[in-house]
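*Asks:* There's a structure below that I have some questions on.
No value in this document is a laboratory result; all are computed from the given coordinates. Predicted, not measured: the structure shown is a model, and the values here were computed from it. Because the Cβ atoms are built from the backbone with ideal geometry, glycine has one as well, and the counts that use them run over all protein chains shown.
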Amino acid sequence: NYIEDHNLVAHARDLGQHGLECLKSMQAQHSLIGDVRGMGLFLGIELVKNSQTRERASEEAEKVMYAALSKGVSFKLTMGNIITLTPPLTITREEMDRALDIVEECITEVEDS
């Protein structure tokens, strides 16, 4: 009932689309990001060492994960190099934007190191 009463399905669709657009913008700025994808609030950022060979950037993904965790954003890695974001259905746009900003900060830090 809560999901229906608060229109969380539409919220997840709309906020997920916003998140995916943010990730695509992020991809254009970072060579470490090989692909982004998502459905609703289930979002993925694939990190690669080389966009041509698509070699997995597993060490870099782990560094991003721990840097983000130290800044308050928790996520899991899939296949060693895919940042998998699965926020709660009740997340606000502001919270989503802040989390994505933190992820991008951490990607930048890893790229610059």
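*Asks:* When the residues of the range 49-84 are filtered to those that are over 14 Å from Ile107 (Cβ atoms) and of a type in the set (Val, Ile, Thr), which remaining residue is farthest from the chain's Cα centre (by Cα)?
*Replies:* Among those residues, the one meeting the criterion is Thr53.
*Asks:* Right, here's the next one. Only one of Glu46, Glu21 is under 17 Å from Thr84 (Cα atoms) and under 10 Å from the mean Cα position of the chain (by Cα). Can you tell me which?
*Replies:* Values: Glu21 fails: under 10 Å from the mean Cα position of the chain (by Cα).
Answer to the check: Glu46.
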